[in-house]
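*Asks:* Take a look at this one; I'll ask things after.
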Amino acid sequence: MVTFEDVKKTYPGGLERRAVRALNGITFTVEPGEVVAYVGPNGAGKTTSINILLGLLRPSSGRVTVGGHLPTEASTRARIGYLPERPYFYEQLSAVEFLRLCGKLSGLEARRIAQRTDELLDRLALSEARHRRLRHFSRGMLQRIGLAQALLHDPDLLVLDEPMSGLDPIGRQLVREMLGEAKTRGKTVLYSSHILADAELVADRAAVLVGGELKALASLGELRAVSGDRLELVLGPTPRVTREEIAQRWPEGRAVGNDWALSVDEGSLQLIITQAISRGARIVQVLRPQAPLEETLIRLMRQSTEKGGNA
Ligand SMILES: Nc1ncnc2c1ncn2[C@@H]1O[C@H](COP(=O)(O)OP(=O)(O)OP(=O)(O)O)[C@@H](O)[C@H]1O
Ligand SMILES: [Mg+2]
């Protein structure tokens, strides 16, 4: 659905400004119906590549196609719903008036616009504010109306630059649900975030961009595997075995209350559990520690700075 072929972008310098190499040759494909999270730290080049994908910015070299077409073709644009990083809103318009204008600009019929507006305002919990001017919207409400605008014409491809930004936990949950619904309906989604936890819950794959380079493009399970993700096994004492005895057998663990927690890799989990049971220990829990992907991202960022990346 979307392909980036060795896309490079350097923002030219001026008299006192140095040129900025924002993208250093990125290549990847988003398959139809796939949800891809574009993650990376500030300044990684996410917005730059999204703007190229939308035909708002020209690459210095390389090529981007959407469904085999160039982003600048009008027919391509009609298939894309876009939420900009810094949406510009006509502040004097009400929510309904704004969506009506957007609908007209995308060539929708008045009846369809009215119907979609009702659906989306309702879905985004903005119905009560439908006649309020956007000037009086809160930050999170503006973010939601931006999303409504992107979804209005029911596009095949959603490109969302930081859709979660400014949203409270309920708003984030709502966006996650809506991305899930879009996926169920066969839509393709590319959205950026610097919060990997957002990617973890909705995306099929994450594209990790650091310093203008694609460091990883993998399913979240694969990313965990690269990160050497380990499980935590918590063993508890029983009348047959004390915590101290458990600790002696597995000294690399640490005390958690009365229990003993071990970090183990997936491959050896079964064996350790068997050994623990035979020694009389209680299996309290096996869990995947939170935010492993966040650590992966930080590691990828560090690797790139060590190599002299420009992030
Ligand atoms: N118009 C511009 N002129 C010069 N440099 C620019 C321009 N736009 C972006 N840059 C630079 O290009 C690099 C990539 O910026 P970009 O906005 O694509 O990053 P990002 O990944 O979207 O970051 P964030 O998470 O902060 O939104 C940065 O170093 C930025 O300063
Ligand atoms: Mg950005």
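*Asks:* Suppose only helical runs count, i.e. DSSP H with n ≥ 4. What mean residue ellipticity at 222 nm does that imply for the chain under -39500 (n - 2.57) per run, divided by all residues and rounded to the nearest 500 deg cm²/dmol? Can you show the working numbers first?
*Replies:* Numbers: 11 runs with 116 residues, N = 311.
-11000 deg cm²/dmol, from helical runs alone.
*Asks:* Give the value in nm², to one decimal: projected area of the alpha carbon convex hull of the range 230-287, averaged over all directions.
*Replies:* For the range 230-287, averaging the hull's shadow over all directions gives 3.3 nm².
*Asks:* Place a +1 charge on the Cβ of each Lys and Arg in the chain and a -1 charge on the Cβ of each Asp and Glu, then give the dipole magnitude about the Cα centre in debye, rounded to the nearest 20.
*Replies:* Working: 42 positive and 37 negative charges, 132 e Å.
Using Cβ point charges on Lys, Arg, Asp and Glu, the chain gives about 640 debye.
*Asks:* Applying 1/(1 + (r/R0)^6) with R0 = 41 Å to the Cβ-Cβ distance of A74 and L15, what FRET efficiency is obtained, to the nearest 0.05?
*Replies:* 0.65
*Asks:* Continuing with the same structure: Given the range 96-155, report the % of alpha carbon pairs whose separation exceeds 17 Å.
*Replies:* So the portion of pairs separated by more than 17 Å is 28 percent.
*Asks:* Ranked highest first by average number of other Cβ atoms within 10 Å, how do 94-100, 125-131, 175-181 line up?
*Replies:* Most protected by this proxy first, the peptides run 94-100, 175-181, 125-131.
*Asks:* Here is a further query. In nm, to one decimal, how far is the modelled label at I298 from the one at L231, with both set 7 Å along Cα→Cβ?
*Replies:* Modelled inter-label distance: 2.4 nm.
*Asks:* Still on this structure: Please work out how much length the chain gains when fully extended from D118 to Q285, using 0.36 nm per residue of separation minus the C-alpha to C-alpha distance, in nm with one decimal.
*Replies:* 55.5 nm
*Asks:* Right, next: Output needed for the range 1-97: three equivalent-ellipsoid semi-axes, defined as square roots of 5 times the C-alpha gyration tensor eigenvalues, in descending order, whole Å.
*Replies:* Working: eigenvalues 113, 86, 36 Å².
The equivalent ellipsoid of the range 1-97 has semi-axes of 24, 21, 13 Å.
*Asks:* For the range 10-83 and the range 161-221, write down the distance between their C-alpha centroids in whole Å.
*Replies:* 17 Å
*Asks:* Express in nm, to one decimal, how much length is gained between D204 and R185 on full extension, taking 0.36 nm for each residue of separation and deducting their alpha carbon distance.
*Replies:* Length gained between D204 and R185: 5.4 nm.
*Asks:* Would you compute the Debye intensity of the range 2-225 from its alpha-carbon atoms alone, equal scatterers and no solvent, and pass along log10 I(q)/I(0) at q = 0.09 Å⁻¹ to two decimals?
*Replies:* -0.37
*Asks:* Loop-only trypsin sites (Lys or Arg not before Pro) in the range 12-67, please: DSSP not H, G, I, E or B, and at most 14 other Cβ atoms within 10 Å.
*Replies:* Counting only loop positions with at most 14 other Cβ atoms within 10 Å, the trypsin sites (Lys or Arg not before Pro) in the range 12-67 are R17, R18.
FYI, it's all coordinate maths here, none of it is from the lab. The structure presented is a predicted model; accordingly, all values stated were derived computationally and were not measured. Counting neighbours? That spans all protein chains shown, and the Cβs are built from the backbone with ideal geometry, glycine included.
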